[in-house]
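As structure tokens, the structure follows; a few thoughts come after it.
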Amino acid sequence: MTKEIFRELPWRSAVTWIACLAVAGFLALGLRALLAPIGAAGSFGVPPPAGDGLAYVQAFGARNIGLALAGLALIVLDQRRSLAVLFLAGALIAGLDFSIVATQVGVTQALKHLAYVAGLLGFGLWLMLRR
């Protein structure tokens, strides 16, 4: 008789696949910022600076790639609560992004960051409180 291994993040669960999609999104945003910083700056909400000023865009791209790799590791290692904390930290980061964009160019341009806050916060809490 084989014993089934209990996983907090079972591969057949929707929550695992939603987490994988979110991690893929972080990775895609990061890669875009590294490879196409002008376009990434525009979609972030702050007008791209000329010349070497694009380094900040590549820095937030590196941040997103780091978050994606940490998230992927937590999924593979079956660390549901740690993954929840990562998503909650991502909500904080998105909130700070909202503040930066709202301060620099206006609230209307920054509203999508509030949607990210809501999504990351909701998903992080769902992971944290799910039994």
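Among the residues of this structure, V85 does not count as one that is in a loop (DSSP other than H, G, I, E, B) and either farther than 30 Å from R12 by Cβ or at pLDDT 95 or above (or both).
Taking residues in segment 74-101 that are more than 13 Å from L120 (Cα to Cα), and partners anywhere that are among the polar types (S, T, N, Q), the pairs with Cβ atoms closer than 8 Å and at least 6 places apart or on different chains are L74/S82; I75/T16; V101/Q109. Of all the residues in segment 59-78, those that are among the charged types (D, E, K, R) and open to solvent by 30 Å² or more (accessible area, probe 1.4 Å) number 1.
Taken over segment 98-116, the criterion of being loosely packed, with under 12 Cβ neighbours inside 10 Å and under 16 Å from P48 (Cα atoms) is satisfied by T103, G106.
Say we look at segment 42-79 and pick out the residues that are assigned to a helix (DSSP H, G or I) and over 16 Å from the mean Cα position of the chain (by Cα); which of these is modelled with the highest pLDDT? Of everything passing the filter in segment 42-79, V76 is modelled with the highest pLDDT.
Would you be able to tell me the number of residues in segment 79-97 that are of a type in the set (V, I, T) and buried (at least 17 other Cβ atoms within 10 Å of the Cβ)? Steps first, answer last, please.
Within segment 79-97, the subset of a type in the set (V, I, T) is 85, 93.
Restricting the remaining residues to those that are buried (at least 17 other Cβ atoms within 10 Å of the Cβ) gives 93.
Counting residues in segment 79-97 that are of a type in the set (V, I, T) and buried (at least 17 other Cβ atoms within 10 Å of the Cβ) gives 1.
Residues that are in contact (Cβ under 8 Å) with a residue 12 or more places away in the chain, under 19 Å from R63 (Cβ atoms) and open to solvent by 80 Å² or more (accessible area, probe 1.4 Å) do not occur anywhere in segment 117-129.
For segment 76-94, which residues satisfy the criterion of being out of contact with any Asp or Glu (no Cβ under 7 Å at 6 or more places or on another chain) and of a type in the set (D, E, K, R)? Spell out the reasoning first.
Initially, segment 76-94 is screened for residues out of contact with any Asp or Glu (no Cβ under 7 Å at 6 or more places or on another chain), giving 76-77, 79, 81-94.
R81 - this is the single residue of segment 76-94 that is out of contact with any Asp or Glu (no Cβ under 7 Å at 6 or more places or on another chain) and of a type in the set (D, E, K, R).
The values are calculated or read from the model by the stated rules, or taken from the named source; none is laboratory data. This one's a predicted model, so the numbers in the text were calculated from it and none came from an experiment. Glycine also receives a Cβ, built like all others from the backbone with ideal geometry; neighbour counts cover every protein chain displayed. When the accessible area is computed, the model is the full protein with side chains, heavy atoms only, and any ligands, DNA or RNA have been set aside. Shrake-Rupley method; radii C 1.70, N 1.55, O 1.52, S 1.80 Å.
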